[in-house]
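Everything on this sheet refers to the single structure shown next.
The numbers here are math on the coordinates, done by the rules we state, and not lab data. Computed from a predicted model, the values in this text were never measured in an experiment. Using ideal geometry, Cβ is built from the backbone for each residue, glycine included, and neighbour counts are taken over all protein chains shown.
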Amino acid sequence: MALDFDKGSAENTKKIEKSILGVKTGLITYAVRNSTYDDINIEEGNILGLIEGKIDKVGETVPEVFKELLENMIDEDSSLVSIYYGQETNEEEAGKLAAYVQETYPECEVDMHFGGQPLYYYIISVE
């Protein structure tokens, strides 16, 4: 969205780099083994929520972690939430979470797509 076809590549590069700084990325996956991270005990099979690559939430269910992770990602400047659901997630489950986002954060536009990614139930982008 930052791309301006009337501008040169140098100016567009600056605009895109500036826009990227305003994007937060969240991932939802699962623990493959027991471990500890920043004094958080993680058990094999726990659902993990990561923001910018760091574990932010550990829980028992995907919806629980999704909602808690999103709460830490959205702020007063957020206007778009993009949800990419993975191989192990069906469209109906993803749709329920997209509806939750729209209802809970009406100031944000919600965009949902099948990403097909392995290992990650969801990739979430907040702008």
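Per-residue extension of 0.36 nm, minus the Cα-Cα distance of V23 and Y100, leaves a gain of 25.7 nm for this segment.
Summed over qualifying helices (DSSP H, 4 residues or more, each -39500 (n - 2.57)) and divided by its residue number, the chain shows a 222 nm mean residue ellipticity of -9500 deg cm²/dmol. For Rg/Rh (Cα atoms, Kirkwood Rh), the value computed from the atomic coordinates appears in the list (1) 0.95; (2) 1.03; (3) 0.98 under label (2). Scaled against 2.2 N^0.38 Å for its residue count N, the alpha carbon radius of gyration of the range 69-127 is 1.07. Place +1 on the Cβ of every Lys and Arg and -1 on the Cβ of every Asp and Glu in the range 23-126, take the dipole about the Cα centre, and give the residue among T25, S82, Y37 whose Cα lies farthest towards its positive end. Projecting each Cα onto the dipole axis, the largest value belongs to Y37.
Modelled spin labels at D6 and E107, positioned 7 Å past Cα toward Cβ, are 3.0 nm from each other. For S125 and N41, a Förster radius of 35 Å and the Cβ-Cβ distance give a FRET efficiency of 0.75, rounded to the nearest 0.05.
In loop segments of the range 49-121 as defined by DSSP, the GluC sites (Glu not before Pro) with at most 15 further C-beta atoms inside 10 Å of their C-beta are E52, E60, E76, E88, E107.
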